[in-house]
Amino acid sequence: MLPLTQSDALLIIDLQNDFCPAVDGIGGALAVADAHAIVPGINALAARFPHTLLTQDWHPAQHISFASSHAGTEPYQQIEVAYGPQTLWPDHCLHHSSGAAFHPALDVPRAELILRKGFRPHIDSYSAFLENDQTTATGLAGYLRERRITRLFLCGLAYDFCVRFSAIDGKALGFETIVLEDLTRAVNLPGSVADTHGALVAANIPEINSEALGIF
Ligand code: VGL
Ligand code: ZN
C-alpha cells in the first residue's frame, strides 16, 4: 500500500486520439497498440487522486517532428536537427484537430491543468518538463513547486517516448517520480521499450502496478 497525500499528483500523458487506434475514422495517426485498454484504469485513479494533471501533444502544421516536413524522409526514421537527433513521425496531434483531442472515454473532471507541449514549430517536446533541445522549459516544474506538489505518478502514452522523458526529467528536477506501468502502452520502435526500462532503472524511477496504490 502506498498512501496518497495532498502533495501527490497523477500526471496523465498525451491520452489523445492520434495515439490510440482509430475509432470511427477519428485518431490513429500514431496509434499505440492496445492504448484504449488503459483508459478505464486511469479514470478510476483520477477519481481518487488529490490532484490530476494532463498533458496534450499540440503541434502546428509542418512541425519539425513530422516526416512530411523533411523531403525524402519516412516516418520513424531519425534525422539530425539543430538540437541533435530527432525521430520523425507521421503528422499527428495538429492543434484543434480531432486527433489532438483527448480520448472520448477519458473522464478526469477534476483535472487542474492541461499542459500543451510541442507547439513550437522548430522544437519537439516529448517531456512535459523540457523540450527536446533539453533547454526550453515548459513551465511545469515551476507550476508544481508553487502548488507544493512533490510526488508524481505517471501514466498515459507513450511509455517509450513522452512518459519516459517526462519521468526522467521530473526526477532530475527533484520530484519523486513513479511510473504506473499497467497504465501505459508503448510505440515500440526497435529497442525502445528495453531502453526505456533501462533508463528508468538507472534513474531510480520505480515502475509499479496501479494496484499497489491500494485505492481501488
Ligand atoms: C509522442 C511521439 C511523438 C508521445 C508524442 O506522446 O509519446 N510520441 N509525439
Ligand atoms: Zn508529437
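So that you can scan it fast, the table gives a plain yes or no per residue for (1) in contact with a strand residue (DSSP E or B) (Cβ under 8 Å, 6 or more places away or on another chain); (2) over 16 Å from Thr55 (Cβ atoms):
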residue: Ala167; (1), (2): yes, no
residue: Ala172; (1), (2): no, yes
residue: Thr184; (1), (2): yes, no
residue: Asn188; (1), (2): no, yes
residue: Asp195; (1), (2): no, yes
residue: Asn209; (1), (2): yes, yes
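Kindly list the number of the only condition in (1) on the phi > 0 side of the Ramachandran plot; (2) open to solvent by less than 30 Å² (accessible area, probe 1.4 Å); (3) at pLDDT below 95 that fails for Gly156.
With (1) on the phi > 0 side of the Ramachandran plot; (2) open to solvent by less than 30 Å² (accessible area, probe 1.4 Å); (3) at pLDDT below 95 applied to Gly156, the lone miss is (3).
Among the listed residues Leu200, Leu130, Leu140, Leu173, which satisfies the condition of being open to solvent by 30 Å² or more (accessible area, probe 1.4 Å), over 11 Å from the mean Cα position of the chain (by Cα) and under 27 Å from Leu88 (Cβ atoms)?
Leu130
Report yes if Ile123 is in contact with a strand residue (DSSP E or B) (Cβ under 8 Å, 6 or more places away or on another chain) and either among the β-branched types (Val, Ile, Thr) or within 16 Å of Trp58 (Cβ to Cβ) (or both), otherwise no.
no
In the set Thr52, Thr73, which member is more than 13 Å from ligand 2 (Cβ to nearest atom), β-branched (Val, Ile, Thr) and open to solvent by less than 20 Å² (accessible area, probe 1.4 Å)?
Among Thr52, Thr73, only Thr52 is more than 13 Å from ligand 2 (Cβ to nearest atom), β-branched (Val, Ile, Thr) and open to solvent by less than 20 Å² (accessible area, probe 1.4 Å).
Would you mind listing the strands (runs of 3 or more DSSP E) fully within region 48-138 where at least 2 residues are more than 23 Å from Ala172 (Cβ to Cβ) and either away from ligand 1 (no atom under 11 Å from the Cβ) or in contact (Cβ under 8 Å) with a residue 60 or more places away in the chain (or both)?
It comes to 78-81.
Considering each residue of region 144-177, count those that are free of Cβ contacts under 8 Å to residues at least 40 places away in the same chain and in a strand (DSSP E or B), and give that number.
Summing the residues that are free of Cβ contacts under 8 Å to residues at least 40 places away in the same chain and in a strand (DSSP E or B) in region 144-177 gives 2.
The values are calculated or read from the model by the stated rules, or taken from the named source; none is laboratory data. Since the model is a prediction, treat every value here as computed from it, not as a measurement. Note that we place each Cβ from the backbone using ideal geometry, even for glycine, and neighbour counts take in every protein chain shown. The area values use the complete protein model at the heavy-atom level, side chains included, leaving out ligands, DNA and RNA. Shrake-Rupley method; radii C 1.70, N 1.55, O 1.52, S 1.80 Å.
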